[in-house]
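Reviewing the structure listed below.
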Amino acid sequence: MKTATAIKNIDELYELNKKYSQRKEKWEKSVAICAGTGCRANKAVSLISAFKEEFKKKNIEENIVLKETGCHGLCEKGPLVVIRPDNIFYQHVKPEDVIQIVDKTILSGEIIESLLYVLPEDKKQIVKEEEIPFYKWQKRLVFGQNGHIDPRSIEDYFGVDGYSALAKVLTEMTPEQVIEEIEKSGLRGRGGGGFPTGRKWRSTRNAEGDIKYVICNADEGDPGAYMDRSLLEGNPHSVIEGMIIGAYAIGANQGYVYVRNEYPLAVENLLVALEKAREYGLLGENILGTDLSFDIKISKGGGAFVCGESTALMLSIEGKVGEPRTKHIHTSESGLYERPTNLNNVETWANVPIIINRGADWYRSIGTENSKGTKIFSLVGKVVNTGLVEVPMGITLKQIIFDIGGGIPGGKKFKAVQTGGPSGGCIPSELLDMPVDFDELTRVGSMMGSGGMIVMDEDTCMVDVARYFLSFLVEESCGKCTPCRDGNYQLYQILNRITEGEGKEGDIELLEEIAETVRDASLCALGKTAPNPVLSTIRYFRDEYEKHITDKKCPAGVCKNLFNFAILEEKCTGCMLCLKRCPQDAIVGERKQPHSIIQEKCIKCGICFDVCRYDAVIKV
Amino acid sequence: MSNIPLQINGRELVGKEGQSILQIAHENGIEIPHLCYDKRFTPTGACRLCLVEVEEENGLKTACTTSIQPGMKVWTNTDTLRALRKATLELLISEHNMSCSTCDRDGDCQLQDYAYEYGVTENRFPSIMIQPGLDNYSTGDTAIAYDPSKCIRCQRCVKICAEVQCVEALTLRDRAGSVQVSTGLDVPLKDSPCETCGQCISTCPVAAMYDRQAVKMGKTKDLVKIRTTCNYCGVGCQIDLNVNRNTGRIVRVTSETGCIPNDGNTCVKGRFGMDFVGSDERLKVPLIKEDGKFREAGWDEALDLVAGKFKELKEKYGSQALGGLSSARATNEENYIMQKFVRAVFGTNNVDHCARLCHASTVAGLARAFGSGAMTNSIEELRRAPLIFVTGSNTTECHPVIGIYIRQAVLFEGSKLIVADPRRISLCEIADVYMQQRPGTDVALLNAMMNVILEEGLADREFIEERTEGFAELKEAVSKMTPEQAEKITGVPAEDIRRAAIMYANAECASIVYSMGITQHTTGTDNVLSLANLAMLTGNVGKEYAGVNPLRGQNNVQGACDLGALPNVYSGYQRVDDADIHKKFEKAWGARLSDKPGLTVVEMMNAAAEGALKGLYIMGENPMMSDPDINHVREGLENLEFLVVQDIFLSETAELAHVVLPACSFAEKNGTFTNTERRVQRVRKAVEPPGQARLDWEILCDVARRMGYSMSYPDASAIQEEITELTPIYGGVHYDRIEEVGLQWPCTDRSHPGTKFLHEGKFSRGKGKFHAVSFLPPREMPDEEYPFILTTGRLLHHWHTGTMSRRCEVLNDRVPFGTLEFNPDDAQRLGIKSGEKVAVKSRRGDIEVPVEITGKVARGTVFLAFHWKESPANALTIAELDPVAKIPEFKACAVRVEKV
């Protein structure tokens, strides 16, 4: 049934685009507060209420508009507040700062220095958002509107030309032309596989069947990765618009978003967005007055990592055990409910309206030969600016980690970066200058995956890292195929043994043999890539393995059985701090005399190491 | 399907479109190892042992899931593959409890075989098996034992349960290394939808699933498999009795994939219902009753007594005062001997058997309509029939393997299903149309369907004109029965009748499946005629995948009829009152024979009660449980001057006998059974009979000799040879032709291949005959005094009068006692709770039985199976007969239900 607000034709949509983009001009100022998951965890919600209250009190609600936006990306510094049009950037804002911000900055144009971003290297303060290095080097296409619009307001999305790409395909393009455009753009799947999106669409379009499905894979399961979540939370309409365009091109009549139940805000914002889209006639029967009929349902996942695999995901939507099957028949021919089905991930769908609006030729100009456009990474681990970054394909690891990420905190040395989620590989410092794209990452034994990037410093033990990722994969294997179920478990057991100091001669070769069996013989991508952490760390850090096995030493001082704490006499001042803090009374010594550690009592908790101000405690 | 040329290991092969690499390789003798694949269900691709290299393809492919493509070049046994397989096997062994020396399946284990082949001798990896002995869904189950420590998580059991048995009782729980087989919510197997078919055991490549009763009863090397035909229902499953050569006992039952007709499938009774053979309660010596008590006797004494007494009665009262009941449980040979004995030695045609109680109306009805009273088509055809109309048959429970074929057809082959049954049987759940007619209103329902077909112009004019007669009368008869009119009689909404009729008529081929819900009525013959009318009206007979298919109840009820254990015909339905036939048999048997049709089962009981019948010889039947109105049966049997019962247990009937003779069970004898699709199949001796028990035919021959008639055969095959000579439809059925696969009659001579489906081109009687049939209500309708309709039948886990099935541990454990199915609304109205014991009373008797409240039965209807001697349903039923077929109305009588 059509609602009264339903858009009857394309022209009406353009009217709305105009109306809501002009609205911005009427506002004196807008205050964008990040209400993404990271900032919420830092009390962004009470910050927002404080602003609302203050606006009311000052009676400035008419002219100053408050925007609860999605994630801005620089999560490390949240909660974030950006005052536009001047783009004044405040970090770590607390509710008690609100009165001051309103009085000084909003009403008097004054800058509050204590809330500004400070450059770590020279302590210089930066006022404008775009001048902060974290943002300066990014190319925010997909993420572009995330800090600007209220994800629950379809009107905001109209105001940034929302749904105009859909209007364009419905008026100017045949489904065939849409597919050609996507093919030409060179867009590859952002979920990990990197399969050419246009080709996937084409095979689903060509598959026989009256009923076809499109699915948005929002089962983002990699630890530390949250770009899909932030897109759904911050700009759900861009994903919906992409899906409608896909449905038009493919000839699908029903869509699904398979989203994790652990993403309540994403689900909520998506539900609001779907509701609004239906109200405006952008979903349902005869979209924008054309012959296109399409709607989207949400299917919530139960948190199994393997359900991000396309065939397992489809079975899960059907209510069956989420277990991958061999793709002897492609899902584009027989997928969900045994109908032709096209599945793309959140970020892929969100790229579609951009390509349609700005053209494949423009899109192709970004990126490398075989990887076009931008990619969002979640930059986490031992890096100064943790957060979400969107960069053009082909940018180097160094640029991402050092220019955007601000390098390694605490003056430590960079050791490796793990890309592609738990089953990605670890890339060493020698390769920091490599360009980041699908093929290069695979070449060095890692992968793009969904864009996780975990930075590790010199204190990281690479054997322990491999063990950690295997522990995750051992749990998350669905257990269907032998190599993944049992092989990963055996890998994990051997790694465990090595990190506990029980490594044996021949363990490395055994690890390689099992890892290769798992890689070559597993059923789905989870199994095939699961040995990557093992194989890549052996490839680049073999000596570290050898030291564990032969010398029974952990060079990074992580594996507890393989190092001791010791106190350097020449550095120890006898301040007694470590002695007082030791929970085991394992440190002895007189005031102003060098202390020493009784190894039998030490449990290697590392407190002495952390508290010593003279670098006198060392790992040996 | 087009041919696809390809290469495997350099060999040029040609396969069919849609085949997998594994299939074509196996067809050509190229072995590719596999643990999760079983040809009975879709490939899983989980074990990864069948990985092969395909030139110009990325990565390795699982041979089980990869379809062959033209020009494909496949390598199945390269060094890389062998290394990968060895590593994979090592991984499997690390999770498998390698306790081969104490394992029942040592020597019959795929994992063991592959470990041997790939030289996996050392265990390089620490064991990661699930701890043995932890409780799981099968703990304490009497039938199936699941040992997770031996499970290699291949999923075959789960898949066979879902795709072959179609019940989805099994599932996988947990993930990664903790994956285990379980039931939904881990409920005990007994409380799950499990039908205890044991297919999970049959597909398990290791010993993770095994028959609980067979554990420690002998390893594979100790077991000998003897192929025989199951002795329960009429499907005639080919089963292998696994006998321990040291103990001589049946340890377990298996069945081989590909065998006809059951393709390796069995039901709970076939797989777990064989303990009765070795029961301590088996009759081991002849018993003679003295002063109301049995005493043991020697064979000579017993046989002299039997022969002497019958001779005396024959001389005193004449031949017609004697009679014999033959047995649908016994072999063809034994039935032939029984009827020969009664006819040639007693000199009467008073021979009948329990077919009278199940399909007499089929024999009568289909003979009139088509000229031959048997299943027109083959079981196999039901696996793919485009439309199946099931009425009056709870196929899933009573003919379980045919039941699963119907489920497979509907779920996986796109077949349509119409079900008409007063009980909401499990097939209803997957039916396209379900009609719940009131008991005994079938003619109204069928006539209304035909009314719609004629109204809609969907009748097959050409077929009617060319192949039938009597159409005008039929048209006239059904014109009055509009769907609206039928709705009033049957309770089925007119719209459903219309939908069913149109769906049936529009199907490319439609196959009717029916059983005792149709036949066991006073209008049984009319019901059968109506089904024949419906089939002929739409041209759905005389071709593959169409037809009228009565499912015969007992293992050899078809054969007992075929071999002449009927009062009006000799073997092969040759009439006793036909002068030529009479002459032929007198000559062959060298005896004077009566040309007067004899008495039927119920008529014999009446005659006994009235004193006209004086002596009765019962072989393997239990009328004291199976016949209607058993109080009346008791009256008759007690009134006899001499009753001999020959059986394997001291049945309720045997207790009334003057002499009881111990006979062999099916597992102790050679012979043949004829299944419901007219297939004559071998029965083979697997174990020795207990005590002094003897073969039925041998005992009969001995009695005959002692009565002065010479009858002797060296073995069962010699009897079969006599049958072939005298019985045209069995003319070509020789043992040497049915060693592997049985033959379907008509099979008239040695070169005849047997008959897959009947009436092709021409009906047995020439033209098919329509019969104008009008609706008549059941004889006893509910009234104020007896307000409920009682309908009776069988359950999956038990068999007939329970003499065998109630002596089987698994069957008794699954269903230990009978319950009265009672509609929830009725229960609420009468304040009766589930499990409460009630009194059920009819005009003929009363019983007490606990109640099961279920939506299976409609309001006003109650159901009780007739297996239970504590609560015998036939104490209530009515002995009113169909006037043509003389079948009693088991399916409808009036009862009252009272709280006790």
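The values are calculated or read from the model by the stated rules, or taken from the named source; none is laboratory data. Fair warning: this is a prediction, and the values are worked out from it, not measured in the lab. FYI the Cβ positions are ideal-geometry reconstructions off the backbone, even for glycines, and counts take in every protein chain you see. We work out accessible area using only protein heavy atoms, side chains counted, and drop any ligands, DNA or RNA first. Shrake-Rupley method; radii C 1.70, N 1.55, O 1.52, S 1.80 Å.
Let me confirm the definition first: pairs of Lys residues in segment A:435-578, 8 or more apart or on different chains, C-alpha distance under 25 Å. How many are there?
Summing the qualifying lysine pairs gives 9.
Within the accessible area of segment A:414-569, what % is carbon and sulfur when the probe is 1.4 Å and the other protein chains stay in place?
46
Specify the angular offset, from 0 to 90 degrees and rounded to the nearest 10, of the alpha carbon long axis of helix B:579-589 from the longest principal axis of the alpha carbons in chain B.
70
Compute the signed sum of charges (Lys and Arg +1, Asp and Glu -1) over the other residues within less than 14 Å, Cβ to Cβ, of B:SER127.
Within the 14 Å Cβ shell, the charges total -2.
Can you list the aspartates and glutamates whose alpha carbon is less than 14 Å from that of B:LYS886, not counting same-chain residues fewer than 8 positions off?
The qualifying aspartates and glutamates are B:ASP352, B:ASP526, B:GLU603, B:ASP627.
How large is the Kirkwood hydrodynamic radius of segment A:23-131, counting all unique pairs of alpha carbons, in Å?
Mean inverse Cα-Cα distance, inverted, gives 13.9 Å.
Counting just the Cα atoms, what span does chain A cover along each of its three principal axes? Round to the nearest Å and put the largest first.
On the principal axes, chain A reaches 84, 66, 40 Å in Cα extent.
What does the accessible area of B:ASP647 come to, in Å² to the nearest 10, when a probe of 1.4 Å is used?
Its accessible surface works out to 20 Å², give or take rounding.
How fast does chain B diffuse by Stokes-Einstein, in µm²/s, taking the Kirkwood radius from C-alpha pairs at 25 °C and 0.890 mPa s?
Details: Rh = 29.0 Å.
The estimated diffusion coefficient comes to 85 µm²/s.
Could you state the accessible area per residue of chain B in Å², with a 1.4 Å probe and every protein chain left in place?
35
Going through the cross-link list A:LYS297/A:LYS375; B:LYS150/B:LYS225; A:LYS77/A:LYS382; B:LYS480/B:LYS762; A:LYS136/A:LYS382, which pairs have a Cα-Cα distance over 19 Å in this structure?
Numbers: A:LYS297/A:LYS375 27 Å; B:LYS150/B:LYS225 24 Å; A:LYS77/A:LYS382 15 Å; B:LYS480/B:LYS762 31 Å; A:LYS136/A:LYS382 21 Å.
The answer is A:LYS297/A:LYS375; B:LYS150/B:LYS225; B:LYS480/B:LYS762; A:LYS136/A:LYS382.
Can you give the three extents of the C-alpha atoms in the protein assembly as shown along their principal axes, from longest to shortest, in whole Å?
That works out to 131, 76, 72 Å along the principal axes.
Cα convex hull of segment A:374-457: how many Å³ per residue?
Taking the convex hull of the Cα positions in segment A:374-457, it is 72 Å³ per residue.
Check cross-link reach from A:LYS58 to the lysines: straight Cα distance under 17 Å, and skip same-chain residues fewer than eight apart.
List returned: A:LYS29, A:LYS104.
Is the shape of segment A:161-207 best called rounded, prolate or oblate, per the rule: a/c under 1.5 gives rounded, else a/b larger than b/c gives prolate, else oblate, with a ≥ b ≥ c the square roots of the Cα gyration tensor eigenvalues? Provide the component values of the computation, followed by the final result.
Numbers: a/c = 2.41, a/b = 1.46, b/c = 1.65.
It is oblate, given that a/c is not under 1.5 and a/b is not larger than b/c.
Rounding to the nearest 10 and keeping the result within 0 to 90°, find how far the Cα-based axis of helix B:79-95 lies from the longest principal axis of chain B.
60
How much accessible surface does A:TYR492 have with a 1.4 Å probe, in Å² rounded to 10?
50
With the Cα gyration tensor of segment B:301-426 giving a ≥ b ≥ c as the square roots of its eigenvalues, does the rule (a/c under 1.5 for rounded; else a/b larger than b/c for prolate; else oblate) give rounded, prolate or oblate? Intermediate values should be presented prior to the final figure.
Numbers: a/c = 3.33, a/b = 2.84, b/c = 1.17.
Judged from the Cα gyration tensor, segment B:301-426 comes out prolate (a/c at least 1.5, a/b above b/c).
Helix A:346-358: angle to the longest alpha-carbon principal axis of chain A, degrees 0 to 90, nearest 10?
Helix A:346-358 sits roughly 50 degrees off the main axis of chain A.
Where does segment A:564-619 land on Rg(C-alpha)/(2.2 N^0.38 Å)?
The reported ratio for this selection is 0.94.
Give the accessible surface of chain A per residue, rounded to a whole number of Å², with probe radius 1.4 Å and ligands, DNA and RNA excluded.
For chain A, the per-residue accessible area is 40 Å².
Over chain B, what is the relative contact order in percent, taking alpha-carbon pairs closer than 8 angstrom and at least six residues apart? Working shown, then result.
Numbers: 2108 pairs, mean separation 120.9, N = 900.
That works out to 13 percent.
What does the charge add up to near A:ASP228, with Lys and Arg as +1, Asp and Glu as -1, over the other residues with Cβ less than 12 Å from its Cβ?
-2
Using a cut-off of 13 Å between beta-carbons, work out the net charge of the residues near A:ASN345 (Lys and Arg +1, Asp and Glu -1, A:ASN345 not included).
In short, 0.
What translational D, rounded to a whole number of µm²/s, comes out for segment A:161-364 from Stokes-Einstein when the hydrodynamic radius is the Kirkwood one over Cα pairs, at 4 °C and 1.567 mPa s? Each step should come with its number before you reach the end.
On the way: Rh = 16.6 Å.
Approximately 78 µm²/s, per Stokes-Einstein.
Got a number for carbon plus sulfur as a percent of segment A:309-379's accessible area, 1.4 Å probe?
On the way: 1040 of 2460 Å².
Carbon and sulfur together cover 42 percent of it.
Given a 1.4 Å probe, show me the residues in segment A:489-504 buried by at least 30 Å² of accessible surface when comparing the whole protein assembly to the chain alone.
A:TYR489, A:GLN490
Excluding residues fewer than 8 places away in the same chain, name every one of the aspartates and glutamates whose C-alpha is closer than 15 Å to that of A:LYS601.
A:ASP585
Pairs to check: B:LYS841/B:LYS891; A:LYS412/A:LYS580; A:LYS67/A:LYS139; A:LYS580/A:LYS604; B:LYS39/B:LYS219. Give those whose C-alpha atoms are more than 19 Å from each other in this structure. Let's see the in-between values first.
Working: B:LYS841/B:LYS891 16 Å; A:LYS412/A:LYS580 27 Å; A:LYS67/A:LYS139 22 Å; A:LYS580/A:LYS604 15 Å; B:LYS39/B:LYS219 26 Å.
With Cα atoms farther than 19 Å apart: A:LYS412/A:LYS580; A:LYS67/A:LYS139; B:LYS39/B:LYS219.
Provide the buried accessible surface between chains A and B in square angstrom, both chains summed, 1.4 Å probe, rounded to the nearest 100.
Values: alone 25760 and 32430 Å², together 55850 Å².
Buried area (both sides, nearest 100 Å²): 2300 Å².
Amide H of A:GLY301: which non-local residues (sequence gap of 5 or more, or other chain) have their own amide H closer than 5 Å, using H built in the peptide plane?
Excluding prolines and chain starts, which carry no amide H, the hits are A:VAL259, A:ARG260, A:ASN261.
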